[in-house]
Amino acid sequence: MTDTGGSSLRPSERPPLSPFTKYGPLALMCVALLALLALAATGGGDGSDVVAAPESTTVANGRSDDAYANLPDGVEVFARARAEGRAGDIDWGERCDTSTGKVKLPLWPQPDCFKPFEGENGGVTETGVDEESIKVVVYLPQKDDPVLKFIYAQIGNNDTPDQSFATFEGFVEIFNRYYETYGRKVQLIRYDATGPISDPTAATADAETIARDIRPFFVIGGPNLTNAFADTLARNQIACIGCTPPQPAAWYDERSPYVWDVARNADQASQQVGEYIGRRLAGRPAVFAGDAAMHTRERVFGYVHVVSSDSSQELEDRFTAMLRDEYDTEFATIQTYGLPTELAGSGKDIITRLKEAGVTTVLFTGDPLGPQTLTRIATQQEYFPEWVLGQTVLVDTAVFSRTYDQRQWAHAFGPSGLFARTAPSAAGAGFLYEWYFDEPPPARGVALIIGPLQVIFGAVQGVGPNLTHERFRAAIFAAPIIPSTSVTPQVSFGNHGYFPVTDYSAVDDFTEVWWDADAVGPDEIGNEGRGLWRYVSGGKRWLPGELPDEAPNVFDPEGSVLIYDEPPAGAELPAYEPLR
């Protein structure tokens with residue numbers, strides 16, 4: 001256990017937070033995450049340094065074999081009909097592959113086949129739902145939003161709102177064709193923001209306008225630098241997904257069934273990072289540090305994290321308590337910052353305090369721009385520790401990691417919520433779009449689009465004709481857990497024993513990565529260069545509680561993967577002709 005006594009535990013009292021400081025950096029990551037998630041998973045490769053992957057990399061311990069035992073009236077799924085010997089008596093239609101019971105989409109995971117619906121669907125069952133349509137609003141930020149322009153400039157994403165909405169329309173056309181929506185079609189409605197995504201007043205006004213004038217069933221996206229948008233929609237009983245900065249798990253529960261997410265929430269990520277530190281690193285020497293003198297020393301941990309919301313202190317307290325109580329581990333010093341731009345001034349003090357506290361291992365939780373400054377200053381001060389990924393988004397992408405000081409980042413590793421990459425010509429959201437339309441999607445940030453739509457369409461299939469928000473929640477909580485592969489995460493919602501609080505976020509698991517500063521290949525947006533993340537054991541993924549209590553297998557290329565040229569075992573995509 002490290003010494004936490006004295007003034008080194010944290011910097012002096014923080015200044016009052018401006019609204020942008022409260023909600024900025026982690027929300028920036030959330031915005032950019034969804035824009036890059038598919039690119040990160042499907043960046044191109046040259047076929048080098050790949051290994052065979054296990055067919056299943058996490059085990060859905062909470063999965064029930066009778067997950068479809070109690071389907072609502074008017075709903076039938078192939079898996080149940082087959083188990084009961086009735087599948088051959090049903091006409092599943094041309095969209096169903098009856099050899100597998102899955103929909104004929106080259107998409108992983110493939111949706112289950114649901115029986116085509118006939119009859120009356122009940123008409124109006126909920127706000128935004130009538131006999132023919134399900135209204136879904138797509139929130140689009142201002143074209144010249146200063147924050148988005150800044151973050152997109154870092155990743156080379158120049159998608160316009162028009163391109164994004166056109167891509168939404170394309171995926172909805174595909175999903176309306178293949179998913180069972182009980183006589184209704186998802187109707188997209190475009191909403192253009194009236195203010196920047198950092199303005200809570202404009203966010204509240206936009207949400208009120210949507211709830212009052214459009215009255216949809218669901219909203220996709222929002223001004224992610226404030227939770228005012230999601231709060232206002234929830235008060236008006238309108239559901240949204242990907243519409244808020246990361247929040248503690250209980251926050252979602254309090255707004256149920258109206259706020260949903262794709263990525264892990266803040267508590268879930270902290271739980272998994274804590275397990276990684278406690279089981280992989282604590283009590284062992286800092287053998288991966290850049291300073292050879294640290295290799296024989298037991299790790300001394302320092303924590304650098306962003307203050308991103310009013311809940312940041314609460315999250316820090318719970319995280320440090322978990323490490324102390326469950327793993328007998330404490331931080332020698334805790335350093336914080338609000339915006340990556342302020343690190344030009346405060347970064348020197350942060351690195352100095354880490355050195356003075358004898359830190360061998362820096363846990364970084366923050367935005368993808370912060371390490372640019374911190375690693376540069378660390379090298380200037382001739383300080384070369386281990387760098388461990390905390391609750392970060394996009395820090396574990398090559399497009400950002402190449403911008404960090406490589407003498408430092410050559411010693412970076414840790415848990416990642418992303419997943420091993422596959423060549424975009426072989427799999428992914430862009431692959432699906434081009435398969436159907438014979439042309440690339442108008443927008444590059446395809447995961448911003450397909451991820452939320454998969455959640456919405458998938459749940460609607462399980463709800464049946466009587467579509468309401470309460471039934472949407474019941475269906476998505478009762479749905480079978482989707483096990484992971486090395487190139488896709490495990491997905492579940494509800495209570496399956498993985499997390500202590502009800503889960504309103506899709507991704508359950510994580511993988512282990514390390515930065516190979518010498519590897520050459522394309523980053524997530526196709527730029528060739530030096531430096532790539534390696535995925536340990538072919539991208540094997542771990543659920544909470546499953547990580548072995550042993551030293552990490554990092555900085556050893558054997559068994560690791562950079563990019564798969566083709567989907568690995570367990571994630572193969574069948575070949576189908578599109579139904580147009």
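Okay, here's what the table says:
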| item | result |
| --- | --- |
| Top-ranked residue of the stretch 508-524 - restricted to ones that are assigned to a strand (DSSP E or B) and farther than 18 Å from Val536 by Cβ, ranked as farthest from the chain's Cα centre (by Cα) | Val520 |
| Residues located in the stretch 286-316, provided they are among the polar types (S, T, N, Q) and not in a loop (DSSP other than H, G, I, E, B) | Ser312, Gln313 |
| Hits in the stretch 332-352 (condition: part of a strand (DSSP E or B) and not aromatic (Phe, Trp, Tyr)) | Ala332, Thr333, Ile334, Gln335, Thr336 |
| Of residues in the stretch 418-432 being buried (at least 24 other Cβ atoms within 10 Å of the Cβ) and small (Gly, Ala, Ser), the one farthest from Ala569 (Cα to Cα) | Ala429 |
| Some residue of the stretch 305-326 being surrounded by 24 or more Cβ atoms within 10 Å (Cβ to Cβ) and small (Gly, Ala, Ser) | yes |
| Considering residues of the stretch 90-131 that are of a type in the set (Val, Ile, Thr) and assigned to a loop (DSSP other than H, G, I, E, B) only, the residue surrounded by the fewest Cβ atoms within 10 Å (Cβ to Cβ) | Val124 |
| Which numbered condition Trp435 misses (of (1) under 27 Å from Asn158 (Cβ atoms); (2) in a loop (DSSP other than H, G, I, E, B); (3) of a type in the set (A, V, I, L, M, F, W, C)) | (2) |
| Members of the stretch 378-392 found to be more than 20 Å from Val554 (Cβ to Cβ) and either modelled with pLDDT under 95 or of a type in the set (S, T, N, Q) (or both), listed by number | Thr379, Gln380, Gln381 |
| Ala575 vs. criteria of a type in the set (Gly, Ala, Ser), farther than 18 Å from Thr488 by Cβ, loosely packed, with under 14 Cβ neighbours inside 10 Å and touching a Lys or Arg at 6+ places or on another chain (Cβ under 7 Å) | no |
| Qualifying residue in the stretch 408-418 (condition: closer than 30 Å to Ser537 by Cβ, part of a helix (DSSP H, G or I) and modelled with pLDDT of 95 or more) | yes |
| Single residue of the stretch 318-348 satisfying the filter (β-branched (Val, Ile, Thr) and out of contact with any His (no Cβ under 9 Å at 6 or more places or on another chain)) that is modelled with the lowest pLDDT | Thr341 |
| Lone unmet requirement of (1) at pLDDT 95 or above; (2) closer than 30 Å to Asp213 by Cα for Cys113 | (2) |
| Residues of the stretch 211-237 that turn out to be over 21 Å from Val307 (Cβ atoms) and either surrounded by fewer than 24 Cβ atoms within 10 Å (Cβ to Cβ) or under 17 Å from the mean Cα position of the chain (by Cα) (or both), as a count | 13 |
| Residue under evaluation Asp367, criteria (1) outside any helix (DSSP H, G or I); (2) charged (D, E, K, R); (3) surrounded by fewer than 24 Cβ atoms within 10 Å (Cβ to Cβ), criterion not met | (3) |
| Strands (runs of 3 or more DSSP E) wholly inside the stretch 132-240 that include at least 3 residues being out of contact with any Gly (no Cβ under 6 Å at 6 or more places or on another chain) and of a type in the set (Val, Ile, Thr) | 133-140 |
| Only listed residue being modelled with pLDDT of 95 or more, of a type in the set (Ser, Thr, Tyr) and within 24 Å of the chain's Cα centre (by Cα), chosen from Tyr139, Tyr152, Tyr178, Tyr182 | Tyr139 |
| Selection from the stretch 465-491 of residues that are at pLDDT 95 or above and part of a loop (DSSP other than H, G, I, E, B) | Pro465, Asn466, Leu467, Thr468 |
| The listed residue being in a loop (DSSP other than H, G, I, E, B), within 24 Å of Phe510 (Cβ to Cβ), assigned by TED's automatic domain parsing to the domain that holds Gly278 and touching a Gly at 6+ places or on another chain (Cβ under 7 Å), out of Val388, Val393, Val359 | Val359 |
| Test: residue in the stretch 545-557 that is among the aliphatic types (A, V, I, L, M), in contact with a Ser or Thr (Cβ under 9 Å, 6 or more places away or on another chain) and within 25 Å of Ile241 (Cα to Cα) | no |
| Residue count, the stretch 252-284 (criterion: of a type in the set (S, T, N, Q), assigned to a loop (DSSP other than H, G, I, E, B) and under 13 Å from Gly390 (Cβ atoms)) | 0 |
| Test for Lys185: is it touching a residue at least 40 places away in the same chain (Cβ under 8 Å) and not β-branched (Val, Ile, Thr) | yes |
| Qualifying residue in the stretch 274-290 (condition: closer than 30 Å to Gly221 by Cα, under 27 Å from the mean Cα position of the chain (by Cα) and crowded, with 18+ Cβ neighbours inside 10 Å) | yes |
| The stretch 495-548, residues that are at pLDDT 95 or above, in contact with a helix residue (DSSP H, G or I) (Cβ under 9 Å, 6 or more places away or on another chain), of a type outside the set (Gly, Ala, Ser) and more than 29 Å from Pro480 (Cα to Cα) | Trp514, Trp515, Arg530, Leu532, Trp533 |
| Top-ranked residue in the stretch 179-210 [being of a type in the set (A, V, I, L, M, F, W, C) and under 21 Å from Asn265 (Cβ atoms); ranked as surrounded by the most Cβ atoms within 10 Å (Cβ to Cβ)] | Ala203 |
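The values are calculated or read from the model by the stated rules, or taken from the named source; none is laboratory data. Quantities reported herein were computed from a predicted structural model and do not represent experimental measurements. In this analysis, Cβ positions are derived from the backbone assuming ideal geometry, glycine residues included, and neighbour counts consider all displayed protein chains.
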